[in-house]
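Just so you know, all these numbers are worked out from the coordinates, no wet-lab data involved. None of the values given here were measured: they were computed from a predicted structure. Because the Cβ atoms are built from the backbone with ideal geometry, glycine has one as well, and the counts that use them run over all protein chains shown.
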Amino acid sequence: MSPELALFAQITMNGIAVGAIYALIALGIVLIYKATEVLNFAHGDILVLGAFIAWALIALMGLPFWAALLIVMALMGAFAYGLDALVIRRIAGQPQFSGVMLTIALAFMIRGLVSMIFGPESQSYRTPWSGQSTQVFGVSFANIELVIMGVVLAITLGLWLFFRNTRLGVAMQASSQNQLAAYLNGVQVKRVNSLVFALGGATAAVAGVFLAPIALVDTALWLVTLKALAAIVLGGFGSIPGAILGGLLIGLIEQYAGVYLPHGFKDIAAYLVLIGVLILRPRGILGEAHGRRV
Amino acid sequence: MNAPLLELRNVSLHFGGLKAISGLSMTVQPGEVLAVIGPNGAGKTSMLNLVTRVFNASGGEMHFKGADLRRVPRHRIAHLGLARTYQNIELFENATVLDNLMLGRQRFDQGRWWQQLLRTPALTRMEEDHRAQVEAVIEFLELSPWRNALIAGLPYGVRKVVELGRALCTQPELLFLDEPASGLNPEETRDLAFWIEDIRADLGITVVMVEHDMSLVNAVADRVICMAQGAVLAEGTVEEVQNHPGVIAAYLGG
């Protein structure tokens with residue numbers, strides 16, 4: 001294989017791995033948005049908190065990686081549940097902007113809390129796949145990237161089964177479409193909404209735990225919220241397949257921009273795409289028809 | 001006379017200084033079709049919203065089969081055997097007719113979560129039972145041409161029938177209909193009259209309907225309550241209420 005092609009294959013793989021994480025983050029934000037109409041700007045900070053707790057469990061306390069992952073998922077799920085039940089639920093029925101302001105404020109508070117507890121320094125931890133790679137057709141891929149793809153695929157499939165088959169999943173879909181009707185068919189709407197937040201928190205935790213080894217455990221990781229928003233807009237606002245597709249595309253575009261475009265483009269590529277989509281195709285690739293019912 | 005199925009005693013609903021309902025007392029007898037009429041703003045829909053816990057009553061007592069409705073959380077209303085339709089139709093718009101009706105089965109046993117996730121044979125049998133109930137309703141309301149259609153693309157009249165169907169799928173004891181005939185053409189209204197008759201006679205469901213269409217009220221109601229200014233103005237047979245001087249005055253603004 002020619003060196004150019006090998007480089008391209010490697011970048012593509014990097015892009016899919018990072019994109020899979022963006023997709024997971026975007027998925028969490030869209031799930032919460034569809035169910036509760038709250039655009040959760042604190043999502044990336046829940047991810048940061050999860051990544052730091054994972055660091056503490058793995059690097060400081062010496063827990064195995066998988067155990068730490070499960071603990072962090074449970075903790076962040078419970079944290080997000082509480083965040084909705086105690087705080088976010090109070091603004092139900094207020095204009096959408098209230099939700100934006102509230103979750104931005106929560107985001108800053110969580111970020112501050114993380115700095116206070118864990119200190120401002122970047123951290124890192126080892127995974128079972130650190131430093132390992134696999135050779136395919138003479139191109140070497142980092143094992144962690146393969147694991148990330150597998151994990152995100154498994155979570156997506158699991159969520160799909162959950163929403164299609166289980167009573168709770170159906171109740172979540174029902175209350176996201178019509179809360180009044182859901183109530184009077186016996187759905188406990190408030191609890192279901194908090195459970196959606198818990199689901200979102202748990203997926204954010206997974207994203208954080210797997211993003212940290214390829215980035216660093218740092219409060220600046222919250223910026224992935226903005227990348228995920230670009231992914232959501234690109235895929236089509238409110239569409240779950242769109243969020244996944246958008247996440248993968250943003251990951252790829254970012255990696256290609258980093259290698260094939262002048263220095264600096266990598267960091268702004270996602271936002272250039274965001275602006276471009278908003279101008280050229282505001283409903284995104286898989287977007288539902290726009291305009292709200294009145 | 002039997003013990004009433006539903007009893008409201010001195011119920012009130014205030015929004016700040018506005019009294020939507022004040023001193024409302026009424027009973028619903030098992031097996032009857034009760035029509036609630038009254039001019040706009042009389043509090044008819046508010047009464048339904050109180051009983052189905054969309055609003056919290058400001059005062060008074062509400063009992064359904066001995067259960068204190070004021071202490072029942074909103075999502076338990078369906079479990080008690082109360083179902084309703086809405087004046088403005090509250091369906092799951094981006095779902096099919098079948099999905100909407102299946103949602104009516106949400107209150108019944110759906111198996112354990114792991115059975116649901118894996119779709120075990122026991123769960124499939126359970127779902128077939130639910131589906132059979134739903135199919136019976138589809139046949140009863142002649143909804144089969146639209147079984148797999150999305151609600152968002154259906155004509156208004158059909159949506160009203162779907163909402164009635166979903167309420168029936170919860171297998172209620174008491175069914176509230178909020179202006180079931182509004183927006184329907186005369187033919188659809190005649191179908192509705194037959195269905196209400198059958199709902200009472202064949203399914204044994206007690207019906208309370210808020211309705212302006214006096215032809216429908218005449219056709220199906222055993223008893224009529226006329227509300228005005230948040231309280232009962234008159235009650236009795238259709239004729240008694242229609243000839244009540246207070247009722248005429250309330251409608252004409254006398």
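When the alpha carbon coordinates of segment B:94-170 are projected onto the principal axes, the ranges are 39, 23, 19 Å, largest first.
Per residue, the Cα convex hull of chain A amounts to 142 Å³. A Cβ-based charge dipole, computed about the Cα centre of the protein assembly as shown with Lys and Arg at +1 and Asp and Glu at -1, lands at about 1380 debye.
Around the Cα centre of segment A:108-261, unit charges on the Cβ atoms of Lys, Arg, Asp and Glu (plus for the first two, minus for the last two) sum to a dipole of about 540 debye. Membrane-span-like helices in chain B (whole DSSP H runs, Cα extent of at least 18 Å along the helix axis, mean Kyte-Doolittle hydropathy of at least -0.5): B:121-140, B:156-169. Entry note, the protein assembly as shown: the mean residue ellipticity at 222 nm calculated from DSSP H runs of n ≥ 4, each adding -39500 (n - 2.57), is -17500 deg cm²/dmol after division by the residues and rounding to the nearest 500.
Stretch A:Ile11-A:Ser133 to full length: gain in nm at 0.36 nm per residue minus the Cα-Cα span? Provide the component values of the computation, followed by the final result.
Numbers: separation 122, 0.36 × 122 = 43.92 nm, distance 1.45 nm.
Full extension of this stretch gives 42.5 nm more.
Counting only Cβ charges, +1 for Lys and Arg and -1 for Asp and Glu, the dipole size of chain A around its Cα centre is about 920 debye. The C-alpha atoms of chain A define a longest principal axis, and helix A:189-211 lies at about 10 degrees to it. If you plug the beta carbon distance of B:Gln87 and A:Glu37 into 1/(1 + (r/R0)^6) with R0 = 22 Å, you get a FRET efficiency near 0.40.
PRE reach from B:Asp109 (point 7 Å along Cα→Cβ): which of segment B:131-174 fall under 15 Å by backbone N? Residues passing the 15 Å test: B:131. Put a dot 7 Å past the Cα of B:Arg131, heading toward its Cβ, do the same for B:Phe15, and the two dots end up 4.4 nm apart.
How would segment A:1-128 be classified by its alpha-carbon gyration tensor: rounded, prolate or oblate, with rounded meaning a/c under 1.5 and the a/b versus b/c comparison settling the rest? Judged from the Cα gyration tensor, segment A:1-128 comes out oblate (a/c at least 1.5, b/c at or above a/b).
Are there chymotrypsin sites (Phe, Trp or Tyr not before Pro) in segment A:68-156 that DSSP marks as loop and that have at most 16 other Cβ atoms within 10 Å, and which are they?
Numbers: sites: A:Phe79, A:Tyr81, A:Phe97, A:Phe108, A:Phe118, A:Tyr125, A:Trp129, A:Phe137, A:Phe141; in loops: A:Tyr125, A:Trp129, A:Phe137.
Answer in residue order: A:Phe137.
For segment B:64-159, applying the loop criterion from DSSP together with a ceiling of 13 other beta carbons within 10 Å to the GluC sites (Glu not before Pro) yields B:Glu142.
Straight-distance candidates among the lysines for linking to B:Lys19, with alpha-carbon spacing under 26 Å and chain neighbours fewer than 8 residues away dropped: B:Lys44. Within a straight-line Cα-Cα reach of under 26 Å, A:Lys34 can be paired with the following lysines, leaving aside sequence neighbours fewer than 8 residues apart in one chain: A:Lys190, A:Lys227, B:Lys160. Relative to the dominant Cα principal axis of chain A, helix A:240-260 is inclined by about 30°. Largest first, the three principal axis extents of the alpha carbons in the protein assembly as shown are 93, 48, 47 Å in whole numbers.
Rounded to 0.05, the FRET efficiency of the B:Gln29 and A:Leu157 pair, given R0 = 51 Å and the Cβ-Cβ distance, is 0.45. What is the spin-label model distance, in nm, from A:Ile268 to A:Val87 if the labels are put 7 Å beyond Cα along the C-beta direction? According to this spin-label approximation, the distance is 3.3 nm. A dipole drawn for the protein assembly as shown from +1 and -1 charges on Cβ atoms has a positive end, and of B:Val54, A:Gly258, A:Ser115 the residue lying farthest that way is A:Ser115.
Suppose the chain between B:Thr120 and B:Phe140 were pulled fully straight at 0.36 nm per residue; how much longer would it get relative to their current alpha carbon spacing?
Details: separation 20, 0.36 × 20 = 7.20 nm, distance 3.02 nm.
Separation in residues times 0.36 nm, less the Cα-Cα distance, equals 4.2 nm.
Here segment A:159-290 has an Rg and Dmax of 17.5, 58 Å, counting Cα atoms alone. Projecting the Cα atoms of A:Ala270, A:Thr219, A:Leu70 onto the dipole axis of chain A, where Lys and Arg carry +1 and Asp and Glu carry -1 at the beta carbon, places A:Leu70 farthest toward the positive end. Using alpha carbons only, the radius of gyration of chain B set against its Kirkwood radius gives Rg/Rh = 0.99. Rounded, prolate or oblate: which fits segment A:121-161 when a ≥ b ≥ c are the square roots of the eigenvalues of the alpha-carbon gyration tensor, with rounded for a/c under 1.5 and prolate only if a/b beats b/c? Judged from the Cα gyration tensor, segment A:121-161 comes out oblate (a/c at least 1.5, b/c at or above a/b).
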